[in-house]
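Q: The structure under discussion is supplied below as structure tokens; questions concerning it will follow.
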Amino acid sequence: MQGMGMLIGLLFLVLAALELMFGVPAGGGPRVLFGVLAVSGVWTLVHLLTGATAVFCTRSSRWAARFLVVAGACYAVVGLAGLLPLPSAITDTLPLNTAGICLDLALGTAMLILGVGWLRRGRARRR
């Protein structure tokens, strides 16, 4: 579980680094990473914080699993919210396009499944 948490944390840190390298503006409008994913300065900050938190939480398997559950739920909610018509104030700050929504839903669901599965498995062992 710790290895999976570290892998996901490094994935988010690499994503944030790529967003910074391609010149995502700090307060400007959205840019597109690899011609597919809409990113902004706020998304870069979110990805940096998620990656750093994931790496920090890999100190124990239980913390890694809890991180996966909480972060997975957050990303799944963001993906679901992207399917709804949102006010322009939100979409200007956190731009969501179809690829981003699919990525958020897929990554959030995978993180939830991994985290909840490990936590359930740990409880079953203790019995």
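The values are calculated or read from the model by the stated rules, or taken from the named source; none is laboratory data. These numbers come from a predicted model, not from an experiment. All Cβ positions, glycine included, derive from the backbone under ideal geometry; neighbour counts span all protein chains shown.
Residue-wise test of (1) buried (at least 18 other Cβ atoms within 10 Å of the Cβ); (2) not in a helix (DSSP H, G or I).
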{"residue": "Val32", "(1), (2)": "no, yes"}
{"residue": "Gly51", "(1), (2)": "yes, no"}
{"residue": "Phe56", "(1), (2)": "no, no"}
{"residue": "Ala64", "(1), (2)": "yes, no"}
{"residue": "Leu68", "(1), (2)": "yes, no"}
{"residue": "Ala71", "(1), (2)": "yes, no"}
{"residue": "Pro85", "(1), (2)": "no, yes"}
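Q: Sticking with this structure for a sec: Within the range 16-24, identify whether any single residue is at pLDDT below 90, crowded, with 16+ Cβ neighbours inside 10 Å, touching a helix residue (DSSP H, G or I) at 6+ places or on another chain (Cβ under 7 Å) and not hydrophobic (A, V, I, L, M, F, W, C), and answer yes or no. Spell out the reasoning first.
A: Step one: of the range 16-24, the residues at pLDDT below 90 are 18-24.
Narrowing the set further to residues that are crowded, with 16+ Cβ neighbours inside 10 Å leaves 18-19, 24.
This time we only want the ones that are touching a helix residue (DSSP H, G or I) at 6+ places or on another chain (Cβ under 7 Å), so: 19, 24.
Cutting the leftovers down to not hydrophobic (A, V, I, L, M, F, W, C) gives us 19.
Scanning the range 16-24, I find at least one residue that is at pLDDT below 90, crowded, with 16+ Cβ neighbours inside 10 Å, touching a helix residue (DSSP H, G or I) at 6+ places or on another chain (Cβ under 7 Å) and not hydrophobic (A, V, I, L, M, F, W, C), so the answer is yes.
Q: For Val78, are the conditions met, namely being of a type outside the set (Ser, Thr, Tyr) and out of contact with any Asp or Glu (no Cβ under 8 Å at 6 or more places or on another chain)?
A: Numbers: of a type outside the set (Ser, Thr, Tyr): yes; out of contact with any Asp or Glu (no Cβ under 8 Å at 6 or more places or on another chain): no.
Against the criterion (of a type outside the set (Ser, Thr, Tyr) and out of contact with any Asp or Glu (no Cβ under 8 Å at 6 or more places or on another chain)), Val78 does not qualify.
Q: Continuing with this model, one more query. So which of Ala89, Ala99 is touching a residue at least 12 places away in the same chain (Cβ under 8 Å) and part of a helix (DSSP H, G or I)?
A: Unique residue meeting the criteria: Ala99.
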